[in-house]
Amino acid sequence: MTSSVLVVEDDRSMRKYLRGALEAHGYAVTEAGSLAEASSVVAAQSFTAVLLDLGLPDGDGLTLVRALRAAASTVPVIVISAREREDDKVDALDAGANDYLTKPFGTRELLARIRVALRHATQPTDDPVIQVGPFVIDRARHEVTVSGVVVHLTPIEFNILSLLARHAGKVITHGQLLSEIWGPRGKEQTHYLRVHLAALRRKVEADPARPRWLTTEQGVGYRLRDE
């Protein structure tokens, strides 16, 4: 079955580039050049992924993200934007975007992000056993193995790793992690994350100083890489 991608971008040359790259790899592409056009298209047609620019001529692309999530749509949304500020990335991810690519970006990186988003969109989130790279996380038994070796984690470390694994490949913001792990009262305590992530890396990474799997998006959050 062909995956259908909606490209929401007001720059015609960028739309042409994205269409060519996606169609060359078997994706069916629909284009929208404005927020109004994109809103009309998603109301009439379903897609397997959305590539979304934020700076549209008639509004902010996050309006579309919020509308999709308000309508309980789980379609993966990957933001493609020239905005490089950390706050913009956090806002997009907190609004419900699955990933954020800063322009300019390479075709291979774009396709990899789409593959990850599509793969996780089709996986059940309530599966008691999650496997990502060398990690096997058994949520029912509260057991983690890394490359076949059992690793003993604290309850908080286990919860952090489980949350990142359930959304492997996606950046989880500091606010999302704090809210999920510690509840609303811990949302401003970002130092909690630094301490626990450092401890977690010491247990699961071959070189904690240069983590391969538990990566940091500076000023935004953390990602468990999915290769």
Response to the item:
Both in Å, the radius of gyration and Dmax of the C-alpha trace of the stretch 95-187 are 14.8, 44
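If you put +1 on each Lys and Arg Cβ and -1 on each Asp and Glu Cβ, how big is the dipole of the stretch 71-145 around its Cα centre, in Debye rounded to 20?
On the way: 10 positive and 12 negative charges, 71 e Å.
Dipole of the stretch 71-145, to the nearest 20 debye: 340 debye.
Can you give the FRET efficiency for ASP87 and TRP182, using 1/(1 + (r/R0)^6), R0 = 30 Å, r = Cβ-Cβ distance, to the nearest 0.05?
After rounding to 0.05, the efficiency reads 0.85.
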Worksheet, complete the sentence: Taking R0 as 45 Å and r as the Cβ-Cβ distance between THR190 and ALA44, the FRET efficiency 1/(1 + (r/R0)^6), rounded to the nearest 0.05, comes to 0.60
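Quick one: if you take sqrt(5λ) for each eigenvalue of the C-alpha gyration tensor of the stretch 1-50, what semi-axes come out, biggest first, whole angstrom?
Values: eigenvalues 58, 46, 5 Å².
For the stretch 1-50, the ellipsoid semi-axes come out as 17, 15, 5 Å.
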Item to complete: Any chance you could run the full-extension gain for LEU163 through GLN131? It's 0.36 nm times the residue separation minus the Cα-Cα distance, nm to one decimal.
Response: 10.3 nm
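Net charge around GLN45, counting only other residues with Cβ within less than 15 Å of its Cβ (Lys, Arg = +1; Asp, Glu = -1)? Intermediate results must be reported in sequence, preceding the final value.
Details: positive: none; negative: GLU31, GLU37.
In short, -2.
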Worksheet entry | Distance between modelled label sites at ALA67 and ALA209, nm, 7 Å Cα→Cβ extension | 5.1 nm
Fill in: Degrees between helix 86-95 axis and first principal axis of the chain (Cα, 0 to 90, nearest 10)
90 degrees
Fill in: Neighbour-limited loop hits for GluC sites (Glu not before Pro), the stretch 46-129 (at most 15 other Cβ within 10 Å; DSSP other than H, G, I, E, B)
GLU84
Practice prompt. Measure nothing fancy, just the Cα-based angle from helix 12-23's long axis to the longest principal axis of the chain, in degrees from 0 to 90, nearest 10.
Written response: 60 degrees
Discussion item. Among SER179, ALA70, VAL151, which residue has its Cα furthest toward the positive end of the charge dipole of the chain, with +1 on Lys/Arg Cβ and -1 on Asp/Glu Cβ?
Written reply: VAL151
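Averaged per residue, what accessible surface does the chain expose to a 1.4 Å probe, in Å²? Numbers along the way, then the final one.
Values: 11530 Å² over 227 residues.
Solvent-accessible surface per residue comes out at 51 Å².
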Item to complete: With +1 on each Lys and Arg Cβ and -1 on each Asp and Glu Cβ, and nothing else charged, work out how big the dipole of the stretch 42-190 is about its Cα centre, in Debye to the nearest 20.
Response: 280 debye
Item to complete: Would you mind counting up the charge near VAL65? Only other residues with Cβ under 15 Å from its Cβ, with Lys and Arg at +1 and Asp and Glu at -1.
Response: -2
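Please work out whether the stretch 33-76 counts as rounded, prolate or oblate from its C-alpha gyration tensor, where a ≥ b ≥ c are the square roots of the eigenvalues and a/c under 1.5 means rounded, while otherwise a/b larger than b/c means prolate and anything else oblate? List each step's numbers first, then the result.
Numbers: a/c = 1.68, a/b = 1.45, b/c = 1.16.
Prolate, because a/c is 1.5 or more and a/b exceeds b/c.
Taking 0.36 nm per intervening residue step and subtracting the Cα-Cα distance, what contour gain separates VAL150 from LEU101 on full extension?
Values: separation 49, 0.36 × 49 = 17.64 nm, distance 3.48 nm.
That pair, VAL150 and LEU101, stretches by 14.2 nm at full extension.
Sorted from largest to smallest, which semi-axis lengths in Å does the alpha carbon gyration tensor of the stretch 152-220 give for its equivalent ellipsoid, taking the root of 5 times each eigenvalue? Before the final figure, lay out the partial values.
Numbers: eigenvalues 67, 35, 28 Å².
So the three semi-axes of the stretch 152-220 are 18, 13, 12 Å.
Check each of the trypsin sites (Lys or Arg not before Pro) in the stretch 43-106 and keep only those in coil by DSSP with at most 15 other C-beta atoms within 10 angstrom; list them in order. Intermediate values should be presented prior to the final figure.
Numbers: sites: ARG66, ARG69, ARG83, ARG85, LYS89; in loops: ARG83, ARG85.
Sparse-neighbourhood loop trypsin sites (Lys or Arg not before Pro): ARG85.
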Worksheet, complete the sentence: Checked against the positive end of the charge dipole of the stretch 109-227 (+1 on Cβ of Lys and Arg, -1 on Cβ of Asp and Glu, about the Cα centre), the farthest of ALA165, HIS120, TRP213 is TRP213
Practice prompt. Using the charge dipole of the stretch 1-137 (Lys, Arg: +1 at Cβ; Asp, Glu: -1 at Cβ; taken about the Cα centre), state which of PRO104, THR48, HIS25 has its Cα farthest towards the positive end.
Written response: HIS25
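Could you work out what % of the accessible surface of the chain is carbon and sulfur, using a 1.4 angstrom probe and leaving DNA, RNA and ligands out of the count? Don't skip to the answer; put the middle values down first.
Working: 5690 of 11530 Å².
Summing carbon and sulfur atoms, their accessible area is 49 percent of the total for the chain.
Mind pulling up the Rg/Rh value for the chain? Radius of gyration and Kirkwood radius, both on Cα. Don't jump to the answer; show the numbers that get you there.
Working: Rg = 18.2 Å, Rh = 18.5 Å.
Taking Rg over the Kirkwood Rh, I get 0.98.
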Worksheet item: Which of the peptides 196-202, 162-168 is most tightly packed, and how do the rest follow, judged by the mean count of other Cβ atoms within 10 Å per residue?
Response: 162-168, 196-202
Worksheet item: Nearest 20 debye, what's the magnitude of the dipole of the stretch 1-103 about its Cα centre given +1 on Lys and Arg Cβ and -1 on Asp and Glu Cβ?
Response: 280 debye
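The values are calculated or read from the model by the stated rules, or taken from the named source; none is laboratory data. None of the values given here were measured: they were computed from a predicted structure. Every residue, glycine among them, receives a Cβ derived from its backbone with ideal geometry; neighbour counts consider all protein chains shown. Only protein heavy atoms, including side chains, enter the accessible area calculation; ligands, DNA and RNA are left aside. Shrake-Rupley method; radii C 1.70, N 1.55, O 1.52, S 1.80 Å.
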